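Trainee: Structure incoming, see below.
The values are calculated or read from the model by the stated rules, or taken from the named source; none is laboratory data. The structure presented is a predicted model; accordingly, all values stated were derived computationally and were not measured. Here the Cβ is made from the backbone with ideal geometry for all residues, glycine too, and neighbour counts use every protein chain on show. SASA here: full protein model, heavy atoms, side chains in, ligands and nucleic acids out. Shrake-Rupley method; radii C 1.70, N 1.55, O 1.52, S 1.80 Å.
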Amino acid sequence: EAAPHLKGESSAFVIDMPEMSYADSNMEQPGKLMRVSAITLKNGHKYSVMFGDIVKKIVAAANKSHWSSHFRFLGVAYGGEGAPDYLVVSYAGSWAELGQKSDPPMWDMVAKVYGKKQANQMRAQIGETILNQSSHLDSYSKDMSYIPSGH
């Protein structure tokens, strides 16, 4: 056993998805702390298309409203059975920063741009596409990380 103290481990490739991200220049390098949400979609092309379209509308609303919260979407490839389809990452420099809530909350921001009725429809539709969602916190260690040059 290479790591007998681990219950298990997995690996996957992650692909940056700028068209589904609302990132600023502070997200070019990992933050000290990272909030990571893993999203698994229901099987079927229609769910993938619907999910992507709605996320892109959320990104457009965030850009239009100059929303203060930022996030990066990563697609997961070759993760094996049980791997999520996407990771949504936001960075923070401290626990206090990590604990700050979005102002306004995301769906309120979307409602200000598209109207409450369309925001509620988008929220219901995106909910229909998701099979499973979980979140966790990670911390970044420069000494234990590899970031290719130019990134």
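Trainee: Mind putting a number on the dipole of the range 1-81 about its Cα centre? Charges go on the C-beta only, +1 for Lys and Arg and -1 for Asp and Glu, and I need it in Debye to the nearest 20.
Mentor: That gives the range 1-81 a dipole magnitude of about 380 debye.
Trainee: I'd like the accessible area for ILE39: 1.4 Å probe, protein heavy atoms, all chains in place, Å² to the nearest 10.
Mentor: 10 Å²
Trainee: Please compute the per residue accessible area over the chain with all protein chains in place, 1.4 Å probe, rounded to a whole number of Å².
Mentor: 68 Å²
Trainee: Only Lys, Arg, Asp and Glu count, each charged at its Cβ (+1, +1, -1, -1), so figure out the dipole size of the range 45-145 about its Cα centre, rounded to 20 debye.
Mentor: Here the size comes out at about 540 debye.
Trainee: Another one. Hey, any idea what Rg/Rh is for the range 88-151, computing Rh the Kirkwood way over Cα pairs?
Mentor: Ratio of gyration radius to Kirkwood radius: 1.10.
Trainee: Select from SER135, ALA119, GLY99 the residue farthest towards the positive end of the dipole of the chain; place +1 on Cβ of Lys and Arg, -1 on Cβ of Asp and Glu, and compute about the Cα centre.
Mentor: In the chain, that residue is ALA119.
Trainee: Among the aspartates and glutamates, which fall within straight-line cross-link reach of LYS42, defined as a Cα-Cα distance under 13 Å, with same-chain neighbours fewer than 8 residues apart omitted?
Mentor: ASP85, GLU128
Trainee: In sequence order, what are the phi-derived ³J(HN,Hα) couplings for the range 125-134 according to the Karplus relation 6.51 cos²θ - 1.76 cosθ + 1.60 with θ = phi - 60°, rounded to whole Hz, with x for glycine and proline?
Mentor: Those phi angles translate into 5, 5, x, 5, 8, 8, 8, 8, 8, 9 Hz.
Trainee: HN-Hα J couplings of the range 100-115 from phi, Karplus 6.51/-1.76/1.60, θ = phi - 60°, integer Hz, Gly and Pro as x?
Mentor: So the J values, rounded to whole Hz, are 5, 7, 5, 10, x, x, 3, 5, 5, 4, 4, 5, 5, 8, 9, x.
Trainee: With the chain treated as a Gaussian network of Cα nodes joined by springs under 10 Å, which of ALA77, ALA119, ALA62 yields the largest mean-square fluctuation?
Mentor: ALA77
Trainee: Any idea what the relative contact order of the chain is, in percent, if you count C-alpha pairs under 8 Å spaced at least 6 apart?
Mentor: Relative contact order comes out at 38 percent.
Trainee: Rounded, prolate or oblate for the range 1-84? Axes are the square roots of the Cα gyration tensor eigenvalues, ordered a ≥ b ≥ c, and the cut-off for rounded is a/c under 1.5.
Mentor: Because a/c hits 1.5 or more and a/b fails to exceed b/c, the range 1-84 counts as oblate.
Trainee: Here are a few candidate values for percent of Cα pairs over 20 Å apart: (1) 48; (2) 59; (3) 55. Which one was actually calculated from the structure I just gave you?
Mentor: Given (1) 48; (2) 59; (3) 55, the calculated one carries the label (3).
Trainee: Over the range 33-136, with every protein chain in place, what whole percent of the accessible area is carbon and sulfur at 1.4 Å, could you tell me?
Mentor: Exposed carbon and sulfur together represent 50 percent of the surface.
Trainee: What are the ³J(HN,Hα) couplings of the range 10-18, residue after residue, when phi is run through the Karplus curve with 6.51, -1.76, 1.60 and θ = phi - 60°? Round to Hz, x for glycine and proline.
Mentor: Residue by residue, the range 10-18 yields 8, 9, 6, 9, 10, 10, 4, 10, x Hz.
Trainee: How high is the relative contact order of the range 41-106, given as a whole-number percent (alpha carbon pairs under 8 Å, six or more residues apart)?
Mentor: Computed value for the range 41-106: 27 percent relative contact order.
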